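Okay, so here's the structure we're looking at.
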Amino acid sequence: MEFDLSILQPKERASFGLRALYEAAGCRKYHMGRFEEYGLYQENRSFLPSEQVITFTDLDGRLLALKPDVTLSIAKTAQPEKGQTLKYYYSENVYRPSAESHTFKEIAQMGLEYIGAVDEAGMRQVMELAARSLETLESGWVLEIGHMGYLFGLLDALGVPSSARPRLLEKLRARNAHELRAAALAAGLGEAGAFALSALLALSGGYAETLRRAEEFCRSDAMRAAVAELRALEEVLAGYKGAVRLDLTLAGEMEYYNGLIFRGYLKGLPRPLLKGGRYDLLAQKFTPGAGAIGFAVYLDELDRLGAPTPPVERKSGSSFINIALPKGRLGDKVYNLLAGVGYGCPEDYNATRKLVVENPAAGIRYFLVKPSDVAIYVEHGAADVGIVGKDILNEAGADVYELLDTGLGRCRMCVAAPADYQDDPSRPVRVATKFVNIAKAYYASLGRDIEIIKLNGSIELAPILGLSDVIVDIVETGTTLRENGLKVVTEFMPISARFIANKASYSFKHPEIEAMLAKLRASLAEQEEKQ
Ligand code: PRP
């Protein structure tokens, strides 16, 4: 009987294709059990994506864990001899907490690891296999490549203290130019240092051309060594035309990767499908002198490819920039700004109840969404870009790029209380708020214990009725506080509307999104000059 391969789900087909690819490249399948000694994760916590692991006691009393990661187990067990490179691939399930579903998720991973004497040829092979893995999946794809050595080389050359690095890396990862500059200045880098760090954001684009600029920008031998490694990959990656990009802001899990770092996107998927890099430090914990490089393919992401195309996409076919516009005053301001630079629509959305309006000639489509949902639409890729208040963005903790501070809708996040309020340190503060995560993070930074009362609006009522001691809320003019007998206790977060982008969309629609950003920046600068 012939097998009808069309009955396979995209992820099953992918797993056959990848297996054939890795076998043909001379890699051996590495099979392992579902469980691992919990101690391995306790000792190597910094190499895990999350400290939360499912544990259980085995029949002999040992504490075991359901594997949250495969690489650690391979690094532990593989014992390459001096000068030898072990080449493995695996197909396993791992178990990780999911912030979205507030529970653990089973994640199907297929991956590849080279451990031992990883030389230039080995790195070239792995990078080529990463590119070919994406190509096997028969859709448009992008592979973004960065280098931790380049990034750390720059931080070292600028004398950035280690305490300031996590924050700077976080801002780089979000491509957040405005906050990167502020964080650099706060870290004592001075104008020249802040400028150099911000210039990294421009080192993103076509491989050859970006590499040339990255070479010019080198300030240390470590940066030059990183460029040399990237240069050695140029020829093998050139065959993949525009699909391979260089992005020197890529900063993965800090302690995991130390050299090359990369991630791959597939058209139609909002999150990276492939993530990998060089992780010598982890390999050396188990085998002195060893090097390692590898990647994982998150097969479950492919489930989405099996879903039918949404009606809004079916209708047009051509490539639009999809914008999540918050309904209301802020959205109207931003729309006017965009319409002023050529992104208006013939139809007035305020005159209808329509939730989608578009201008095919300008390649633009707006989705009218509740302000608090903008970041969700963008993170999940239902919209490519969006405009959202910094309050909502921080509260959602969305994994998106924050490309521009529009300066519109300025206000601030405050703790406020009745005029005669005095903190009573003998008990937790009762805090009423819509912004639970922001309030928790703020009080945690003070080391103050709190009791949260989550409300959805009219927050100012809570202390008036004795429901809470204080509120954490946004203050714009201060009128609501004043008219309800409340005062600001502390202001702790400036807020304004930010232009955000889905990470995959930014990769696939890079020229279009950058063109829109440039026009927005120019228009905002012009308005500022007039004032
Ligand atoms: C916001 C905020 C304050 C008010 C502050 O409420 O929660 O109540 O605006 O503005 P002001 O300082 O200019 O007085 P919003 O209008 O969003 O309504 P809400 O009560 O539903 O939160």
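Here the spin labels are modelled as points 7 Å beyond Cα on the Cα-Cβ line, and at Asp348 and Glu191 they lie 4.7 nm apart.
Around Ala416, with a cut-off of 15 angstrom between Cβ atoms, what is the net charge of the other residues, counting Lys and Arg +1 and Asp and Glu -1? So the surrounding residues net to -4.
Computed from Cα atoms, the angle from the helix 329-338 axis to the main principal axis of the chain rounds to 60 degrees. Label sites at Ala208 and Asp221, each approximated as a point 7 angstrom past Cα along Cα to Cβ, lie 3.1 nm apart.
Just so you know, the averaged projected area of the alpha carbon convex hull for the stretch 1-106 sits at 10.7 nm².
For the stretch 140-245, the pair-distance distribution built from all alpha carbon pairs, in bins 10 Å wide starting at 0, is 14, 45, 30, 9, 1 percent.
On a 0 to 90 degree scale, rounded to 10, what angle separates helix 436-446 from the longest Cα axis of the chain? Value to nearest ten degrees: 90. Temperature 25 °C, viscosity 0.890 mPa s: under these conditions the Stokes-Einstein estimate for the stretch 411-495, based on its Kirkwood radius over C-alpha pairs, is 194 µm² per second. Kindly flag which residue pairs out of Lys76/Lys285; Lys354/Lys519; Lys327/Lys503; Lys105/Lys275 have an alpha-carbon separation exceeding 20 Å in this structure. In this structure, Lys354/Lys519; Lys327/Lys503 exceed 20 Å between Cα atoms.
The length gained on full extension between Lys519 and Gln79, counted as 0.36 nm times the residue separation minus their Cα-Cα distance, comes to 152.9 nm. Listed by chain and number, the aspartates and glutamates whose C-alpha is less than 14 Å from the C-alpha of Lys454, apart from same-chain residues fewer than 8 away, are Glu395, Asp469, Asp473. On the beta carbon distance between Ser198 and Ile54, with R0 = 41 Å, the FRET formula returns roughly 0.50. Qualifying GluC sites (Glu not before Pro) in the stretch 432-531, where qualification requires a DSSP coil assignment and no more than 14 other C-beta atoms within 10 Å, comprise Glu476. The GluC sites (Glu not before Pro) of the stretch 1-69 that meet both conditions, a loop assignment by DSSP and at most 15 other Cβ atoms within 10 Å of the site Cβ, are Glu2, Glu51. With one equal scatterer per alpha carbon and no solvent term, the Debye-computed log10 I(q)/I(0) for the chain at 0.13 1/Å reads -1.45. Taking other Cβ atoms within 10 Å as a rough exposure proxy, Lys267, Lys327 sort from fewest to most as Lys267, Lys327.
Angle between the Cα long axis of helix 510-530 and the longest principal axis of the chain, 0 to 90 degrees, nearest 10? Tilt of helix 510-530: around 30 degrees. With one equal scatterer per alpha carbon and no solvent term, the Debye-computed log10 I(q)/I(0) for the stretch 179-290 at 0.15, 0.17 1/Å reads -0.83, -1.03.
Over the chain, Cα pairs under 8 Å with separation of 6+ residues give a relative contact order of 13 percent. When Asp69, Asp332 are arranged by Cβ crowding within 10 Å, least crowded first, meaning fewest neighbours, the order is Asp332, Asp69.
If both residues of a DSSP beta bridge must be in the chain, then about 80% of such bridges are antiparallel.
Counted over the stretch 334-386 with a bin width of 5 Å, the fraction of Cα pairs per bin, in whole percents, is 4, 18, 28, 27, 19, 4.
Counting neighbouring beta carbons within 10 Å and listing from fewest to most, the residues His510, His147, His102 come out as His102, His510, His147.
From the largest down, the stretch 451-531 spans 54, 36, 18 angstrom on the principal axes of its Cα atoms. Here's the list of aspartates and glutamates a cross-link from Lys333 could span, going by alpha-carbon distance under 17 Å and ignoring same-chain residues fewer than 8 apart: Glu347, Asp348, Asp405, Glu476, Glu526, Glu528.
Read the figures in this text as sums done on the coordinates, not as results from a lab. Nothing here was measured: the structure is a model prediction, and the numbers come from that model. A quick note on method: Cβ atoms are made from the backbone with ideal geometry, for glycine too, and the neighbour counts reach across all protein chains shown.
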